[in-house]
1. Filter the stretch 32-42 for residues that are closer than 30 Å to residue 55 by Cβ and of a type outside the set (Gly, Ala, Ser); which is surrounded by the most Cβ atoms within 10 Å (Cβ to Cβ)?
2. Pick from the stretch 67-76 the residues that are open to solvent by 100 Å² or more (accessible area, probe 1.4 Å) and touching a strand residue (DSSP E or B) at 6+ places or on another chain (Cβ under 7 Å): which of them is modelled with the lowest pLDDT?
3. So, in the stretch 50-63, of the ones that are in a helix (DSSP H, G or I) and either more than 20 Å from the chain's Cα centre (by Cα) or exposed (fewer than 11 other Cβ atoms within 10 Å of the Cβ) (or both), which residue ends up modelled with the lowest pLDDT?
4. What's the number of the condition residue 1 fails, among (1) within 30 Å of residue 54 (Cα to Cα); (2) in a helix (DSSP H, G or I); (3) of a type in the set (A, V, I, L, M, F, W, C)?
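The values are calculated or read from the model by the stated rules, or taken from the named source; none is laboratory data. Keep in mind that what you see is a predicted model, and the values were worked out from it rather than measured. Here the Cβ positions follow ideal geometry from the backbone for every residue, glycine too, while neighbour counts run over all protein chains shown. Just so you know, the surface numbers come from the protein's heavy atoms only, side chains and all, with ligands and any DNA or RNA stripped out. Shrake-Rupley method; radii C 1.70, N 1.55, O 1.52, S 1.80 Å.
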Amino acid sequence: MPTIDQEGLGEVKKIKNALSHMYDKLQAKGVDVTEEYSFIFKILGQMEADWNHNVNQVFTVPDELTINGKNYTSKS
């Protein structure tokens, strides 16, 4: 499951609000973008409702890693 932190989620909500405003303007001019907006809003809705918002579960790279017998480290 994808993860987005609370700050990112706040930005998603700003984008969703801006897109809603644009949609209303386009509809008022008779431009039908319902299909395109439905797709975009479905993705944004999934980010808000379904994505993990618990940043404590974000995976990180280990300090040491062995690949094909060769050791790699992030330590100086």
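1. Our first condition is that a residue be closer than 30 Å to residue 55 by Cβ; within the stretch 32-42, this holds for 37-42.
Add one more test, that the residue is of a type outside the set (Gly, Ala, Ser), and what stays is 37, 39-42.
Details: 37: 16, 39: 10, 40: 14, 41: 14, 42: 10.
Among those residues, the one meeting the criterion is 37.
2. 72
3. Here is the first cut: in the stretch 50-63, the residues in a helix (DSSP H, G or I) are 55-57.
Of the ones still in play, those that are also either more than 20 Å from the chain's Cα centre (by Cα) or exposed (fewer than 11 other Cβ atoms within 10 Å of the Cβ) (or both) are 56-57.
Working: 56: 71, 57: 57.
Within the stretch 50-63, the match that is modelled with the lowest pLDDT is 57.
4. Status for residue 1: all satisfied but (2).
Condition check ((1) open to solvent by less than 60 Å² (accessible area, probe 1.4 Å); (2) among the aromatic types (Phe, Trp, Tyr); (3) in contact with a Cys (Cβ under 6 Å, 6 or more places away or on another chain); (4) in a helix (DSSP H, G or I)) across all residues:
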{"residue": "9", "(1), (2), (3), (4)": "yes, no, no, yes"}
{"residue": "15", "(1), (2), (3), (4)": "no, no, no, yes"}
{"residue": "18", "(1), (2), (3), (4)": "yes, no, no, yes"}
{"residue": "27", "(1), (2), (3), (4)": "no, no, no, yes"}
{"residue": "30", "(1), (2), (3), (4)": "no, no, no, no"}
{"residue": "44", "(1), (2), (3), (4)": "yes, no, no, yes"}
{"residue": "48", "(1), (2), (3), (4)": "yes, no, no, yes"}
{"residue": "65", "(1), (2), (3), (4)": "no, no, no, no"}
